[in-house]
Each structure stands twice: as structure tokens, then as C-alpha cells.
Amino acid sequence: MVMVSSRILFILVLLIIPTSIFAQSLYHNNSMSSSSNHYSEFKLPSASLKTVFDFKVDQITDQITDSASVKLFEMNVIQNHLVRPQWIKAAIVPLALISTGTITILVEPQCLLSKYTIQNKVNEIFPDFHSSLDNYLQYAPLGVAFGLKAAGVKSHSDFLNQVIITAKAELLMTVIVRGMKNWIPSERPFGSGMNSMPSGHTAQAFLSATILDMEYRDTSPWISVGGYAVATTTAIYRMANNQHWISDVLIGAGIGIFSTKIVYYTHRYRWGKKSNIVILPTIYKNGGGVSFAMIL
């Protein structure tokens, strides 16, 4: 148990440190850039004293006032982006879920927060429970996202970019989940298999729900609520089926959300724009044809 928890903590540190270093670098670069722009805006042009004194006092005052107002606005915008950047918000919930899941492993087995105690309670509530519904629920929010897209409901991304984002999120989530299953041996509750940590079904379910949330949160918050409700049901089913511990589903949920939001906040929308493709008729010496060009 100590080895498992230590490896989970190591993975948690790997998720936090790179983003912290990136934030410090971003803050330093923007601070240097804003300071440089500040001094460059107030630097007087190279000119003779006669030219300087020819300026009207009111023109100088207006120019300095306007420049100071613009610079103050720019600094406030930069500061707001640096204090609460999107990726920090994106990491709060996943890290909370992963941390909570880790706690259920670290505490004593007899503790109320122990994964063993919680699993026993789940088995008491759902005795002899067995259902394969969780095999399908994990993909339901993703199906709804593409279904709404096909129906023409307004969303955050166009169809092509959503496909690319989904593929990248799935790849990142799969690499993390498969890597942890191989690196962290954990026996399943029913006693067969050493690949319990983390829950792949739960990671997939919350990845699907997060994509639905990111695409349609501005359309209706109830769409997001429905997606996460389905994902939570999937996690409960995994425990009720005696396939995973509470630690597995909490960490799996964190991985699914984290993988999706990282992809969304780093994705560059270079595809799916009509202006990127040009099709024109072409006339040659001995005939004609069609020319095709795409800006990548």
C-alpha cells in the first residue's frame, strides 16, 4: 500500500510541477515585456530642444494621460490572466479528486475514509449487484456531444476541431491510465486482477462529460449537469459491480477531466476554417481543370 500511494503522489507531483514552472516563466516574460513597453512608450523621441519646446503643453499632457490609461488597462488585463489563468482553474477539480482518492489509500483500513470501509458499505447497499450498463454509459456524454453537433446546436468548436480535440484527449487519457495500471499494481475488490488503479471506465466517462461541458456550457448549464451525472453514475456502477475501489474511480475521474481540459486549453484552431481552402477553375493551353489550395 505504501508503494502504491507513493507512486500516486509522485504522479501528482509530475502534474503540478510542470504547470507551476510554466506559470512562473509566463509571469516573468510578461512582466519583462510589460516593463519594456512601459518605458518605450514614455521615452521621448530623439529630437532637438527646439522641437521639444515647440510641443504644446496640453498635447503633451493628453498624450501622457492617454498612454498611462492604456498601459494601466494592459497591466490589469495581464495581471488578471496571470493570477487566475485558465489552466490553474482546470487543475483544481482534477487535483482535488486525485488527492481525495489518494487519501482513501493512505488511511488505516478501519477508518471511515478507507477504500475498504467504503467498498464494504457499497456492497451492503448493492448486494449481488451486476450490470453491464457502465460499459455503455462511459461513452454516452460523448455521443450526445456529437449528436448535438449533428443537429446544428451551437457549440464551442466546429466539427473537425472537435474530432481532433477528442482524439488528442483520448490519447492522453489512455497513455496515463495504461501507464498507471502497469506501474501501480492494485488488486481489484473481487480479488482477481492487479490492474485496478485507476478506473479506465470512469476516466472515459468523465472525459466524455468534460467534452460535453466544454462544448455546450454556454448553450445550457443543464447539458453539463447531465453529462457529469452520467459520468458519476458510471463510477458508482464500477464500484457496485465490485470492479473498482473508491480510490480508483476518484483518480480515474481526475485523469479524465485533466486530460480533456489540458487539450482544450492548448489546442490551436488551425483546421475547419472555410478560408483555409480555395477551389478555383483553371484554364490551361490545351484544356482546363480545377486548382485546389489549402493553407495549413
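Nothing in this text is a laboratory measurement; each read-out follows from the coordinates by a stated rule. Computed from a predicted structure; not experimentally measured. Glycine gets a Cβ as well: all are built from the backbone with ideal geometry, and neighbour counts include every protein chain shown.
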Net charge contributed by nearby residues that have their C-beta within less than 12 Å of Ala203 (K/R +1, D/E -1) = +1
Taking the Cβ of Thr260 as the center, what net charge do the other residues with Cβ under 12 Å away carry, scoring Lys and Arg +1 and Asp and Glu -1?
-> -1
Asn195 long-range amide H proximity, modeled H, under 5 Å = Ser186, Arg188
Can you give me the pair-distance distribution of region 96-274, C-alpha pairs, 10 Å bins, whole percents?
-> 10, 36, 32, 16, 5, 1, 0
Normalised alpha carbon radius of gyration of region 95-141 [divisor 2.2 N^0.38 Å] = 1.46
